[in-house]
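Below you'll find the structure, written out as structure tokens, and then a few comments.
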Amino acid sequence: MPKPRVRHWIYFFGAVAVLLNAKQPVCALRPCDWIVPFLLLFVILLPLELYFLISRSYRIKAYLDQGDPQKFLEETRKELAAVPGGTWKDFYKLNSTAGLYYLGRFEEALKVLDEVRPRKLHKQYTALYFNNKLANLLGAGRMQEAERLVEEQAEVFRPNRHNQRFYFALQANLGALKYHQGELEVARHMLEESLAAHRLPLASAVSHYYLGCIARDQGREDDAAVHFARARELGERTFVAARLA
């Protein structure tokens, strides 16, 4: 049962006040006398609730923008405990797997993703679901499963109007997969394209990490050093820094 927030108590006492200010005793009110005030409250409060939900999701996402996946995960889990079941629950579970990924807790993230119903999400978030799953499979070293996921969900990983918002994140993870498959130049192109568009420092850190690995494998030590240094700087509180320690 979600815990009531302060504003929920305000809503409750507001409804009580409406009834107490009726022109006759509450016990004497007919059903039709209850409907109008509660409909008015509903019309006023529903947009407020939606505003609070959306503003909180942006506030929580800001922790990722600031490079703090631990705080992001903590705040997301607080919201997860507060929201009712259904799609909102799936949405916050999905969000939590981004924090787990950057913290290097790949297997834990994959278990959470198993609890999410991707087809119940909006189509653009279905793309995010499979993107997060691919990222965590790669992080966990489960390459065969990662390859199978991309084959089975080819439509999701192909550019289309539903995944535009997450296209460059998809490109970065596909580039990482290509690196593990030994297609270094293809991987390099995809990661550089993704890096040019990324605004999220943590995602850029991962791209720099893989570009550094590619440069190292190709014998371009100076380029590798530049990418690894940038990856450490941007991903100071992520698994990337631990791998480069």
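The values are calculated or read from the model by the stated rules, or taken from the named source; none is laboratory data. Values in this document were obtained by computation on a predicted structure and should not be read as measured data. Here Cβ is always computed from backbone atoms with ideal geometry, including for glycine, and neighbour counts include all displayed protein chains.
Worth a mention:
- Only listed residue being assigned by TED's automatic domain parsing to the domain that holds ALA127 and under 19 Å from the mean Cα position of the chain (by Cα), chosen from ARG232, ARG237: ARG237
- Within segment 225-245, if we keep just the residues that are part of a loop (DSSP other than H, G, I, E, B) and of a type outside the set (Val, Ile, Thr), the residue that is surrounded by the fewest Cβ atoms within 10 Å (Cβ to Cβ) turns out to be ALA245.
- Residue ranges of helices (runs of 4 or more DSSP H) in segment 129-224 with at least 3 members of a type outside the set (Asp, Glu) and either closer than 22 Å to PHE72 by Cα or in contact (Cβ under 8 Å) with a residue 40 or more places away in the chain (or both): 167-180, 201-217
- Residues satisfying the stated conditions in segment 179-217, i.e. buried (at least 23 other Cβ atoms within 10 Å of the Cβ) and of a type in the set (Phe, Trp, Tyr): TYR209, TYR210
This table checks each residue for (1) outside the structural domain of GLY85 (by TED's automatic domain parsing); (2) more than 24 Å from SER96 (Cβ to Cβ); (3) touching a strand residue (DSSP E or B) at 6+ places or on another chain (Cβ under 7 Å); (4) among the polar types (S, T, N, Q).
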position	(1), (2), (3), (4)
TYR125	no, no, no, no
GLN144	no, yes, no, yes
PRO159	no, yes, no, no
ALA169	no, no, no, no
ALA172	no, no, no, no
ALA176	no, no, no, no
HIS180	no, yes, no, no
LEU202	no, no, no, no
